[in-house]
Amino acid sequence: MSVKYNKLWKLLIDHDMSRVDLRIATQMSPNTLAKLGKNEGVSLDVLLRICSVLRCDIGDIMEVVHDEADSTSL
């Protein structure tokens, strides 16, 4: 399984916010922002701060993608 934050980037466009604006508003480190850009895992605390700033639900900013290898191992 992996995560994708494509919904987050689209939501930022809708809110007329840049990635740097989001980083400042959520007080996240540049390294955490880079992890989001690479679709890597970040802490739940960061995700909740993003949701708070954007006034949305966690499902509005990310999605879990099941790899084909995951389905064959069941």
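The values are calculated or read from the model by the stated rules, or taken from the named source; none is laboratory data. On a predicted model such as this, the values are computed, not experimentally measured, just so you know. Glycine also receives a Cβ, built like all others from the backbone with ideal geometry; neighbour counts cover every protein chain displayed.
Which residues, taken from segment 45-63, are loosely packed, with under 12 Cβ neighbours inside 10 Å and either modelled with pLDDT under 95 or part of a loop (DSSP other than H, G, I, E, B) (or both)?
If the condition is that a residue be loosely packed, with under 12 Cβ neighbours inside 10 Å and either modelled with pLDDT under 95 or part of a loop (DSSP other than H, G, I, E, B) (or both), then Arg55, Asp57 are the ones that fit.
Just checking, how many residues over segment 14-42 are under 20 Å from Met1 (Cα atoms) and of a type in the set (D, E, K, R)?
Final tally of qualifying residues: 3.
Can you say whether Met1 is over 9 Å from the mean Cα position of the chain (by Cα) and surrounded by 12 or more Cβ atoms within 10 Å (Cβ to Cβ), as far as the supplied structure shows?
Spelling it out, it is not the case that Met1 is over 9 Å from the mean Cα position of the chain (by Cα) and surrounded by 12 or more Cβ atoms within 10 Å (Cβ to Cβ).
Which is touching a helix residue (DSSP H, G or I) at 6+ places or on another chain (Cβ under 7 Å) and either free of Cβ contacts under 8 Å to residues at least 12 places away in the same chain or among the acidic types (Asp, Glu) (or both), of Asp67, Asp14, Asp60?
Being touching a helix residue (DSSP H, G or I) at 6+ places or on another chain (Cβ under 7 Å) and either free of Cβ contacts under 8 Å to residues at least 12 places away in the same chain or among the acidic types (Asp, Glu) (or both) holds for just one of Asp67, Asp14, Asp60, which is Asp60.
Please state which of the following conditions Ala34 fails to meet, knowing it meets all the rest: (1) of a type in the set (A, V, I, L, M, F, W, C); (2) surrounded by 11 or more Cβ atoms within 10 Å (Cβ to Cβ); (3) in contact with a helix residue (DSSP H, G or I) (Cβ under 8 Å, 6 or more places away or on another chain).
Exception for Ala34: condition (3).
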